[in-house]
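Enquirer: Encoded as C-alpha cells, here's the structure I'll be asking about.
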Amino acid sequence: MRPIRVLVAKPGLDGHDRGAKVIARALRDAGMEVIYTGLRQTPEQIVRAAVDEDVDVVAMSILSGAHNHLLPQVAKGLKAEGVKDVLILGGGVIPDTDIPNLKTQGIEAVFTPGTTMETVVSYIRSNLKRDLRE
Amino acid sequence: MKAVEAMLNGSRRDCARLITQVENEHPKAKEILREIYPHTGTAHVVGITGPPGGGKSTLTTRLAEAFRAQNKRVGIVAVDPTSPFTGGAILGDRIRMKSLYEDEGVFIRSMGTRGHLGGLSKTTAGVVQILDAYGCDVIFVETVGVGQSEVEIVQNADTVLMVLVPGLGDDIQAIKAGVMEIGDLFIINKFDLDGAVRAKTEIEMMLATDQRRKAIPLVYPVTASMAGSNRAEGIEAVVEGIIKHRADSVENGQWDARRKAQVRNEILYFLRGELEAILKKELDRWELEKVYQRNQSPRERGEEILRTWIEEGRHGKKD
C-alpha cells in the first residue's frame, strides 16, 4: 500500500509555525509523506500545491484569527479544481464556537491546542477519502 | 487511456494523478508509461545535485524563474529522503519555491526516496517522462542532499549541476571519486561566505587536471539568496551555461550518446529486476548443502550452476 500524502500548510500572515512543524514531524513518524510548504500561503497557493502534489490530506495550521475567512477559501478552491477526495483539516487557535461553521464549509475536523498526536494520526487514517490501493 | 489524453491536452490534475500511479507502481503504470513514451524526449532535463543545505532548492527556484522569463514551461521534481524506519518523509523543498506557486507554467512535484539509494527514487525517471509529455520545456530534477557516491542523476539528466558551498573540505575532498565526477556545471553557492574564492580555485584545479573530461566544466560563483533579502547573484551566467551545455552536447554528440546510454540503462534495470526474480526461483532447485558446510565456495557452486544452465540452454533441460 502506498504512503498517505499530506500537505501541511500555513495560510495567512501569522509567523508561528512550531505547531505545523510538530504535526509534520508526527505524521512523518507515523509513516506519512508530508509536504511542508512554509509560512504565509494564500488559499490559491495551497490549492495549487494540493493539486500538483496529489495529496490525500490538506492540513492547515492557523493562529492569526483569520480561519473563518481563509480555511473555507481553500475548500472552495479545491472544489473548483474538481478535487473532491481530499480530507481538509484545520488546527491552531480556533474558538470552539467557530468550529461548526467551518465544518459546514468543508473543513472536516478542527484540532485545537491540547490535541494529542495520536488523535490526529488516527483521525487521518480512518477518514481518508481515497483508497490507498487505487 | 482517458487520463493520458487529458494530460496531453493540458489537464494539470490528470498529470498529477498519473504521476501518483507511476510513483506507486500501480498496475496501470506500465500502460501509462507506454502511452506517453512517444510524446517524450523534447524536454531538457537538468539535474541539480550536491550536499544537503547547499542551496539546491533555492537555486532551482531562481533558475526556474529565469526560464519562465524566457516563456519556457518548467517542471520540477524534488526528491527528499524517506525514513528507513517508518517509511515517512518530510518533503520540504517547496518551502524555497514560493515565488513559483501561482505560475501556471510551473509544475512542482515532491517525491520521497522510498528506500531507493542513489539520490533519486526508483520511479523518478517515469515521473520525469510524464512531465516531459505534459509539455515542460525544462525539467529540473533535484536530488536528495548527496554525500560522495550518489551518482544516479547522471543517468537521468542531460545536464548535471553540482551545487557546492564554501567550507566543505580541502582539495583532497575535491579530487575524490564519486559525485565530483558527474557535474557538467559546477556552482559554488553562498559565494558571499568566507572561503568562497578558495573553494572555487580548488574545484577549478581539480577539474583542470581531470583527464577523463573532453571539456573542462566551468565553476560559477552564485549567491542564490542573499542573507536577509531576496537578491540573487550569478544566476544569468548559470542559465546561459545550461543552454550552452545543451547546444555544445548536441554538436559534439554527447547529447545523443547520453540519451542512448539512458535508454540502455533503463532496459538493463528492467531486465536485471526480472532476471533476478527468475534466478531466485531457479536457485531453489539446486542443492547447496556442500556450500552450507563450507566444503565448497559460493562462487564455485555458482559457476557450476551457471555452466549447467548454459548447457541446458543449448540442449534443452534434461529433466
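Each reported figure results from applying straightforward, stated rules to the coordinates on display, with no laboratory input. Quantities reported herein were computed from a predicted structural model and do not represent experimental measurements. Note: ideal-geometry Cβ built from the backbone for every residue, glycine included; neighbour counts use all protein chains shown.
Enquirer: Once the mean 1/r over all distinct Cα pairs of chain B is inverted, what Kirkwood radius in angstroms do you read off?
Expert: Across chain B, the inverse of the average 1/r is 21.7 Å.
Enquirer: In addition: Rank the residues A:SER122, A:SER61, B:SER11, B:SER229 as a footprinting-exposure proxy: fewest other Cβ atoms within 10 Å of their Cβ go first.
Expert: B:SER229, A:SER122, B:SER11, A:SER61
Enquirer: Counting only DSSP beta bridges with both residues in the protein assembly as shown, tell me the antiparallel percent, nearest 5.
Expert: 5
Enquirer: So if R0 is 30 Å, what FRET efficiency would B:GLN211 and B:VAL291 give, r being the distance between their Cβ atoms, rounded to the nearest 0.05?
Expert: 0.10
Enquirer: Please determine, in degrees from 0 to 90 and to the nearest 10, the orientation of helix B:298-315 with respect to the longest principal axis defined by the Cα atoms of chain B, where the helix direction is its Cα long axis.
Expert: Around 70 degrees separate the two axes.
Enquirer: Take every Cα-Cα pair in the protein assembly as shown and report what % of them are more than 31 Å apart.
Expert: Tail of P(r) above 31 Å: 48 percent of Cα pairs.
Enquirer: Using alpha carbon centroids, what distance separates segment B:71-95 and segment B:258-319, in Å?
Expert: When both Cα centres are located, 36 Å separates them.
Enquirer: In a GNM of chain A with a 10 Å cut-off on Cα contacts, which of A:VAL58, A:VAL74, A:VAL120 has the highest mean-square fluctuation?
Expert: A:VAL120
Enquirer: Hey, could you get me the Stokes-Einstein D for chain A, Kirkwood radius over alpha-carbon pairs, 37 °C and 0.692 mPa s, rounded to whole µm² s⁻¹?
Expert: It diffuses with D of about 226 µm²/s by this estimate.
Enquirer: Contour minus end-to-end for B:ILE95 and B:ALA261, with contour as 0.36 nm per residue of separation and end-to-end as the Cα-Cα distance?
Expert: 56.3 nm
Enquirer: Considering only DSSP beta bridges whose two residues both sit in chain B, what percent are antiparallel, to the nearest 5?
Expert: Antiparallel bridges make up about 5 percent of those DSSP assigns within chain B.
Enquirer: Taking the number of other C-beta atoms within 10 Å as the exposure measure, put B:ASP93, A:ASP131 in order starting with the fewest.
Expert: Taking fewest neighbouring Cβ atoms as first place, the list is A:ASP131, B:ASP93.
Enquirer: What percent do you get for the relative contact order of chain B when only Cα pairs under 8 Å and 6+ apart count?
Expert: It rounds to 17 percent for chain B.
Enquirer: Further question: What average count of beta carbons from other chains do you get within 10 Å of the Cβ of residues in B:89-101?
Expert: Averaged over the peptide's residues, the number is 6.
Enquirer: If you rank B:LYS214, A:LYS103, B:LYS200 by fewest surrounding Cβ atoms within 10 Å, what's the result?
Expert: B:LYS214, A:LYS103, B:LYS200
Enquirer: For B:LYS98, go through the lysines and keep the ones whose alpha-carbon is under 16 Å away, minus same-chain ones fewer than eight residues off.
Expert: By straight Cα distance, B:LYS98 reaches A:LYS10, B:LYS56.
Enquirer: Would you work out the relative contact order for chain A, in percent, from Cα pairs under 8 angstrom that are 6 or more residues apart?
Expert: Relative contact order, chain A: 27 percent.
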